[in-house]
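Student: Structure in structure tokens, see below.
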Amino acid sequence: MNFRLWISALLLMTTASAFGQQEVLDKVIAKVGSEYVLLSELEEQFALLKDQQGTLPPTARCFILDNLLTNKLLINQAKLDSVEVADEEVEAQLNARIDQILEYMGGDIRQFEEYYGQTINEVKENFRDDLRNKLLAERMNQTIMSGITVTPSEVKAFFHNIPKDSLPYFNSEVEVGELVVKPEVSEAEKQKAIAKLEKLRERIVEGGEDFAELAKTFSDDFASARIGGDLGWTKRGKFVPEFEAAAYKLEEGEISPVVETEFGFHIIQLLGRRGNSIHTRHILVKPEITDEDIERTRAKMDSIRQMLVDGTMTFSEAVKKFGYEDVQSYHNDGKMINPATGNTYFEIADLEPDVYFTIDTMEVGEYSNPFTFTDPRGEVFFRIVQLQSRSEPHRASLERDYSKIQTAAIEQKKMTYLQEWIKSKIDETYVYIDDRFKLQCPQLSYWLRDKTKP
């Protein structure tokens, strides 16, 4: 995708703000309740779609406008129903998006700010309302859809209504179990990390050095280090208990002693307090994992694998006894969960490359040798995987693919319900569509419902 458009899509900005100094002549082309649809929004989404798909049909802008109208209806209703999105959630998502762009730019804040002609904080401020509205629409959609289920008879009826020659063809799928173990850091390395942080704290408290500048140089939390260790405003429950307990004890401006968490060691500064929310920054130092730590963990994993092969311990028991609790599969008896579907089935190509190549030649029930992998935070882990099932490519059947068919039936029911909800709300909501689009997009006539619109 075009880089400029990719950034625009990621930040969900309007064309005018996303393209910095470029001037855009804008106008209102539609209104739903109190929410406006701007021509720039339509043109930005058109450009994104064209960049992804190439040539578009003449009705593409009409299709996009229909989606924008639906989005504005959801936002309008969310505000009427007093649906709320916490400031902390908006801030967290803003930071995540900006971190992703910074990662693409190699962490170069100067390049980011030159690109936009604004500081990171100014970009966040300009985008905050757009993101809040996006989250409001999502929250409203979830509220509308909550509780929608299908009965077994509805699943059966849905399946039998699919023409036989249109039944989907499913590729081979596998279920994979994983036992993930985090190497234990030696006490000597922990003491090195603590000593480093105590020295940094002394430089700030007694030497008057700037916390933010030291965070940029020394913190191992690279995402927050770029902005001086700033973690923004958060409520209780956002951080791990050890970090949170230390942070909430602080007075404004105070710096904590060294705090140990699962991520490493921290010093924390409280920047502000607002009701039950706090604004903090930190410096993280991760103890180094040595070659000796790696080899010690490898030997442990070899022993665990031997117990599995000998049958003296089940895979589920091994996961509960030795596994790393922060991995999603730990809470599912070790079964990996497909993030795209929410179930435990993967097409081979959808697996992580190291898992893909490991199970490719394995038999069902077999355990792999231990191997290392690095998570998105750059931490090293060991993993043993078990191939738990493998299906052959086949045409969909109700007995074999019930969960997939059930998911499709629920999605169809949700879409039908949403369309009915939209029609009911149109009757009681002010809707305006520019005359140009009324003429070009007759398929949007249902939004006007034969009502007289100013």
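The values are calculated or read from the model by the stated rules, or taken from the named source; none is laboratory data. Values in this document were obtained by computation on a predicted structure and should not be read as measured data. When we count neighbours, we look across all protein chains shown, and the Cβ atoms used for this are built from the backbone with ideal geometry, even at glycine.
Student: Give the residues of segment 112-139 that are within 21 Å of the chain's Cα centre (by Cα) and among the hydrophobic types (A, V, I, L, M, F, W, C), sorted by residue number.
Tutor: Scanning segment 112-139 gives Ile120, Val123, Phe127, Leu131, Leu135, Leu136, Ala137.
Student: With the requirement that a residue be of a type in the set (Lys, Arg) and either modelled with pLDDT of 95 or more or in contact with a helix residue (DSSP H, G or I) (Cβ under 9 Å, 6 or more places away or on another chain) (or both), what does segment 437-454 give you?
Tutor: The answer is Lys438, Arg449, Lys451.
Student: Would segment 352-365 turn up any residue that is in a strand (DSSP E or B) and modelled with pLDDT of 95 or more?
Tutor: no
Student: Right, here's the next one. Name the one entry in Ala246, Ala299 that is in the same structural domain as Glu379 (by TED's automatic domain parsing) and of a type in the set (A, V, I, L, M, F, W, C).
Tutor: Ala299
Student: Being surrounded by 14 or more Cβ atoms within 10 Å (Cβ to Cβ) and of a type in the set (Asp, Glu) is the filter; apply it to segment 46-95 and report the residue that is nearest to the chain's Cα centre (by Cα).
Tutor: Within segment 46-95, the match that is nearest to the chain's Cα centre (by Cα) is Glu89.
Here is a yes/no grid of residues against (1) at pLDDT below 85; (2) over 22 Å from Asp230 (Cβ atoms):
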site: Cys62; (1), (2): no, yes
site: Leu68; (1), (2): no, yes
site: Ala86; (1), (2): no, no
site: Val90; (1), (2): no, no
site: Ile98; (1), (2): yes, no
site: Tyr104; (1), (2): yes, no
site: Asn121; (1), (2): yes, no
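Student: Out of Asp310, Asp333, I need the residue that is within 30 Å of Ala408 (Cβ to Cβ), of a type in the set (Asp, Glu) and either in contact (Cβ under 8 Å) with a residue 60 or more places away in the chain or not assigned by TED's automatic domain parsing to the domain that holds Glu103 (or both). Which one?
Tutor: When all the criteria are applied, what remains is Asp333.
Student: I'm trying to understand the selection: among the residues of segment 267-310, which are in a loop (DSSP other than H, G, I, E, B) and either modelled with pLDDT of 95 or more or in contact with a helix residue (DSSP H, G or I) (Cβ under 6 Å, 6 or more places away or on another chain) (or both)?
Tutor: Answer for segment 267-310, where residues must be in a loop (DSSP other than H, G, I, E, B) and either modelled with pLDDT of 95 or more or in contact with a helix residue (DSSP H, G or I) (Cβ under 6 Å, 6 or more places away or on another chain) (or both): Pro287, Glu288.
Student: Condition (residue is of a type in the set (Phe, Trp, Tyr) and in a helix (DSSP H, G or I)) applied to segment 417-425: is it met by at least one residue?
Tutor: Yes: segment 417-425 contains one or more residues that are of a type in the set (Phe, Trp, Tyr) and in a helix (DSSP H, G or I).
Student: If the requirement is being among the acidic types (Asp, Glu), part of a loop (DSSP other than H, G, I, E, B) and out of contact with any Gly (no Cβ under 8 Å at 6 or more places or on another chain), which of these qualifies: Glu138, Glu154, Glu175, Glu184?
Tutor: Testing whether each residue is among the acidic types (Asp, Glu), part of a loop (DSSP other than H, G, I, E, B) and out of contact with any Gly (no Cβ under 8 Å at 6 or more places or on another chain) leaves just Glu184.
Student: Restricting to segment 112-128, count the residues that are assigned to a helix (DSSP H, G or I), exposed (fewer than 14 other Cβ atoms within 10 Å of the Cβ) and in contact with a helix residue (DSSP H, G or I) (Cβ under 9 Å, 6 or more places away or on another chain).
Tutor: 1
Student: Taking the condition surrounded by 13 or more Cβ atoms within 10 Å (Cβ to Cβ), closer than 30 Å to Asp230 by Cβ and of a type in the set (A, V, I, L, M), does Ile162 pass?
Tutor: So Ile162 fails the test.
Student: When you go through Glu198, Glu209 one by one, which is the residue that is under 20 Å from Leu270 (Cα atoms), outside any helix (DSSP H, G or I) and at pLDDT 95 or above?
Tutor: Going through Glu198, Glu209 in turn, the sole match is Glu209.
Student: Between a first residue in segment 247-265 that is within 22 Å of Ala188 (Cα to Cα) and touching a residue at least 40 places away in the same chain (Cβ under 8 Å) and a second residue that is of a type outside the set (A, V, I, L, M, F, W, C) and surrounded by 15 or more Cβ atoms within 10 Å (Cβ to Cβ), which pairs have beta carbons less than 6 Å apart while being 6 or more apart in sequence or on different chains?
Tutor: Gly264/Lys286
Student: Give Leu351, Leu387, Leu308 a once-over and let me know the one that is of a type in the set (A, V, I, L, M, F, W, C) and more than 29 Å from the chain's Cα centre (by Cα).
Tutor: Leu308
Student: Give segment 140-152 a look and list any residue that's surrounded by 17 or more Cβ atoms within 10 Å (Cβ to Cβ) and either under 17 Å from the mean Cα position of the chain (by Cα) or under 26 Å from Asp401 (Cα atoms) (or both), or say none.
Tutor: The answer is Val150, and nothing else.
Student: Considering only segment 119-161, state which residues are of a type in the set (A, V, I, L, M, F, W, C) and without any contact (Cβ under 8 Å) to a residue 24 or more places away in the chain.
Tutor: Listed by number, the list holds a single entry, Ala157.
Student: If you take the residues of segment 318-355 that are hydroxyl-bearing (Ser, Thr, Tyr) and surrounded by 16 or more Cβ atoms within 10 Å (Cβ to Cβ), which of them is nearest to Lys182 (Cα to Cα)?
Tutor: It comes out as Tyr324.
Student: Specify the residue that is surrounded by the most Cβ atoms within 10 Å (Cβ to Cβ); the eligible residues are those in segment 356-367 that are without any contact (Cβ under 8 Å) to a residue 24 or more places away in the chain and of a type outside the set (Val, Ile, Thr).
Tutor: Step by step, filter segment 356-367, then rank; the result is Tyr356.
Student: If we scan segment 68-81, do we find a residue that is in contact with a Leu (Cβ under 7 Å, 6 or more places away or on another chain), of a type outside the set (Phe, Trp, Tyr) and closer than 17 Å to Gln440 by Cβ?
Tutor: Scanning segment 68-81 turns up at least one residue that is in contact with a Leu (Cβ under 7 Å, 6 or more places away or on another chain), of a type outside the set (Phe, Trp, Tyr) and closer than 17 Å to Gln440 by Cβ.
Student: Return only the number of the condition from (1) of a type in the set (A, V, I, L, M); (2) at pLDDT 95 or above; (3) farther than 30 Å from Ile278 by Cα that Ala215 does not satisfy.
Tutor: The single condition Ala215 does not satisfy is (3).
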